[in-house]
Structure formats: structure tokens, C-alpha cells
Amino acid sequence: MDIDAYEVWLGPLFESGVSRGHVITIPLGWSTEPRIDWNRDMVVLRFDPGGEIRVPTAMVLDTR
């Protein structure tokens with residue numbers, strides 16, 4: 001099978017319940033170890049060679 005992207009899970013992992021959060025796709029040409037910047041409203045993953053993925057913090061810390 002050809003792999004054309006990676007995925008990363010953003011969110012808490014609960015031992016006693018269903019994990020919630022957000023899965024994002026990372027293109028193959030980007031690094032697999034992003035710098036991660038958290039702030040009140042947004043989680044920003046910064047990749048070499050300069051790509052960024054922005055995810056609202058509310059989607060990462062889904063507490064339904």
C-alpha cells in the first residue's frame with residue numbers, strides 16, 4: 001500500500017473513557033516532528049519546510 005500522508009492525534013487520552021480530540025493529516029513532504037505552539041484559541045503545528053496547520057483549541061480539548 002502506498003502511503004501519501006501521515007496523521008497525528010491532537011487531544012487528551014483518557015484511560016477510563018472514550019478519547020476525544022482531532023486527527024489531522026500531514027503531507028509526506030513535511031517533517032514528522034513539528035514545533036507545536038499552544039495559545040488560548042489555537043494550536044499551531046509548524047513544519048519544515050515552512051508549512052503550518054492550525055487547529056482551534058476547542059477541537060483539541062473536546063470535553064463533551
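The values are calculated or read from the model by the stated rules, or taken from the named source; none is laboratory data. Computed from a predicted model, the values in this text were never measured in an experiment. Here Cβ is always computed from backbone atoms with ideal geometry, including for glycine, and neighbour counts include all displayed protein chains. In case anyone asks, the SASA skips ligands and DNA or RNA and just uses the protein heavy atoms, side chains included. Shrake-Rupley method; radii C 1.70, N 1.55, O 1.52, S 1.80 Å.
Select from segment 40-51 the residues that are farther than 17 Å from Gly21 by Cβ and not in a loop (DSSP other than H, G, I, E, B) and list them in ascending order.
Result: Arg46, single match.
Failed condition for Ile36, given (1) at pLDDT 90 or above; (2) open to solvent by 100 Å² or more (accessible area, probe 1.4 Å); (3) not polar (S, T, N, Q), with all others met?
(2)
Can you tell me how many residues in segment 20-38 are outside any strand (DSSP E or B) and under 12 Å from the mean Cα position of the chain (by Cα)?
4
Looking at this structure, is Arg54 at pLDDT 85 or above, loosely packed, with under 14 Cβ neighbours inside 10 Å and not in a strand (DSSP E or B)?
Taking the combined requirement at face value, the residue does not satisfy it.
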